[in-house]
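Contents: one structure, followed by commentary.
Here, each number is a calculation from the coordinates, and none is a lab measurement. Predicted, not measured: the structure shown is a model, and the values here were computed from it. Cβ coordinates were reconstructed from backbone atoms using ideal geometry, including for glycine residues, and neighbour counts include every protein chain displayed.
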Amino acid sequence: MANRFQAGADQDEIVQAVRRDGYAIIERVIDEAGVAQLKAELEPYLKDTGVGTEDFWGHHTKRFGALIGKSEMARQMLLAPEVIGVADAVLLELCARYWVNYTGVMHLGPGESA
């Protein structure tokens with residue numbers, strides 16, 4: 001997949017990808033222990049969330065938001081230097097400040113359609 005970068009990759013390359021294509025995936029922003037912590041912090045919400053009831057939302061898909069309020073590791077991911085650096089480079093040339101409007105999970109279960 002295009003626009004995939006490892007944590008610590010050249011920030012200018014990531015910024016160029018975002019400017020060109022509107023996105024970049026920065027892998028390994030957190031280590032394996034961080035992934036385990038993130039899963040543990042979000043598991044109760046995943047367990048308590050029902051699946052969609054319409055084709056658009058997916059009959060085997062669980063969705064929930066407000067991750068920053070639910071998970072310390074989600075906050076750390078958002079505030080990782082690689083993420084903040086790219087956001088600053090792309091957004092602060094267009095505005096005085098910015099904020100994150102939404103963080104969320106979309107968990108596709110077995111048998112979900114495309």
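General remarks:
- Computed from backbone phi, the HN-Hα couplings of region 58-70 come to x, 7, 10, 10, 9, 9, 7, x, 6, 4, 4, x, 9 Hz, rounded to whole numbers (Karplus: 6.51 cos²θ - 1.76 cosθ + 1.60, θ = phi - 60°; Gly and Pro given as x).
- Cα-based shape type of region 1-83, given that a ≥ b ≥ c are square roots of the gyration tensor eigenvalues and the cut on a/c is 1.5: oblate
- Summing Cβ point charges (Lys, Arg +1; Asp, Glu -1) relative to the Cα centre of the chain gives a dipole of roughly 240 debye.
- A Förster radius of 25 Å combined with the Cβ-Cβ distance from A89 to E43 puts the calculated FRET efficiency at roughly 0.15.
- Choice from A40, A87, A96 with maximal GNM fluctuation in the chain (Cα, 10 Å cutoff): A96
- For I68, neighbours were defined as the other residues whose beta-carbon sits under 15 Å from its Cβ, and their charges (Lys and Arg +1, Asp and Glu -1) total 0.
- Estimated from the Cβ-Cβ distance and a Förster radius of 22 angstrom, the FRET efficiency linking A7 and R63 is about 0.25.
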